[in-house]
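This report concerns only the one structure given below.
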Amino acid sequence: MPDTHGSTAMSAAGGTATTTRLLEVEGLTSTYGPVRALDGVSLSAEAGRITAVLGANGAGKTTLLRTISGLVRPVAGRVVLDGEDITKAPVESMVAKGMAHVPEGRGVISELTVDENLRVGALFRGKVDRSEFDRVYDLFPRIAERRNNAAHTLSGGERQMLVIGRALLAKPRVLLLDEPSLGLAPRIVAQIFGLLRQLVDSEGLSVLLVEQNARSALSVADVGVVLNLGRVVVTDSARTLMADEDLRHAYLGF
Ligand SMILES: Nc1ncnc2c1ncn2[C@@H]1O[C@H](COP(=O)(O)OP(=O)(O)OP(=O)(O)O)[C@@H](O)[C@H]1O
Ligand SMILES: [Mg+2]
């Protein structure tokens, strides 16, 4: 299998393009007591690319994101962001370094309005220009219409847009998304993934997209990494993984 740690990666369009390894994970091992949730995981994520991390329940996807963002401390391995070893960086410094993590579950502050929830995403940055909020609203017109509504009145899809929008207000270089499609109708998933693609293409952001919904994730991603029981089974272009019927049946559930 080709190694996507090289300086090039297949683009969604199928061509090759020079890319930057913005985030690198090397030999990452994380445990919960006797459970080895990640076992020597290595992968990289490039600027302007969506890297999908796929695998069944318990594969270690959430643990991978939690370890990258400093919420879980690995027992071995490194996390490198733009050349800087951030493996032991304090978790509260991660956002300022350019990492935004959108966890599973679409947590919002229910009593606050959509607009207030977005402001929370920009809190640590001090004064944020109104145009940055407008940019999020332009990207997600559905939440723009609901900006003065309490967050608990949003649908699942709208909530997902809100938490992604909130993360964008931190001005990340790397966006970690944990199962954004969970429980959403296919039409809404396609809409959110389409917007994500637009964002990545226009802003050169790097997205690490964790999904059990491998079919949808591979349809939007450039590169796919398949995890099983805490280990990388294969890393390849999304197009190649999509075409590999045996792999799909064995690990991706479609
Ligand atoms: N807080 C925890 N304490 C103990 N074990 C845990 C904890 N969190 C996860 N695990 C275990 O670590 C392994 C990896 O779990 P993880 O949540 O990373 O998987 P996942 O790929 O995100 O799964 P899912 O698709 O169900 O979200 C599993 O065996 C799980 O039971
Ligand atoms: Mg998970």
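Derivation of every value follows stated rules applied to the coordinates shown; laboratory data play no part. Quick caveat, the model's predicted, so the values are computed rather than measured. Cβ sites come from the backbone with ideal geometry, for glycine too, and all protein chains shown count toward neighbours.
Ranking THR113, LEU154, ILE164 by how far each Cα lies toward the positive end of the dipole of region 106-171 (charges on Cβ) leaves ILE164 at the top.
Pick out which of ARG125, ARG49, ARG73 has the largest mean-square fluctuation in a Gaussian network model of the chain, springs linking Cα atoms closer than 10 Å. Its mean-square fluctuation being the largest, the pick is ARG125. Ordering ILE50, ILE109, ILE86, ILE164 by the number of other Cβ atoms within 10 Å of each residue's own Cβ, fewest first, gives ILE109, ILE86, ILE164, ILE50.
Using Cα springs under 10 Å in a Gaussian network model of the chain, which residue among ASP178, ASP85, ASP236 shows the largest mean-square fluctuation? In this elastic network of the chain, the residue with the biggest mean-square fluctuation among ASP178, ASP85, ASP236 is ASP85.
By the combined test of axial Cα extent (at least 15 Å) and Kyte-Doolittle hydropathy (mean at least -0.5), the qualifying DSSP H helices of the chain come to 156-168, 186-203.
State, to one decimal in nm², a quarter of the convex hull surface area for the C-alpha atoms of region 34-186, i.e. the direction-averaged projected area. Mean orientational projected area (region 34-186, Cα hull): 10.3 nm².
Per-residue Cβ neighbour counts within 10 Å put LYS127, LYS61, LYS88, LYS171 in the sequence LYS127, LYS88, LYS171, LYS61, beginning with the fewest. Taking LYS97 as the anchor, which aspartates and glutamates have their alpha carbon closer than 13 Å to its alpha carbon, excluding any fewer than eight residues away along the same chain? Reachable aspartates and glutamates: ASP82, GLU84, ASP85.
Placing unit charges on the Cβ atoms only, positive for Lys and Arg and negative for Asp and Glu, gives the chain a dipole magnitude near 440 debye about its Cα centre. In this label model, ASN228 and ARG147 are separated by 4.8 nm, measuring between points 7 Å along each Cα→Cβ vector. The fewest-to-most ranking of TYR32, TYR251 by surrounding Cβ atoms within 10 Å reads TYR32, TYR251.
For LEU195 and HIS249 in the same chain, what is the full-extension length gain: residue separation times 0.36 nm, less their Cα-Cα distance, in nm? Fully extending the segment from LEU195 to HIS249 adds 16.6 nm. Computed extension gain for GLU104 through GLU84, at 0.36 nm per residue and net of the alpha carbon distance, reaches 4.5 nm. Fully extending the segment from ASP134 to LEU71, taken as 0.36 nm per residue of separation minus the present Cα-Cα distance, adds 19.6 nm.
Farthest toward the positive end of the dipole of the chain, out of VAL232, ALA250, PHE133, is the Cα of PHE133, where the dipole comes from beta carbon charges about the Cα centre.
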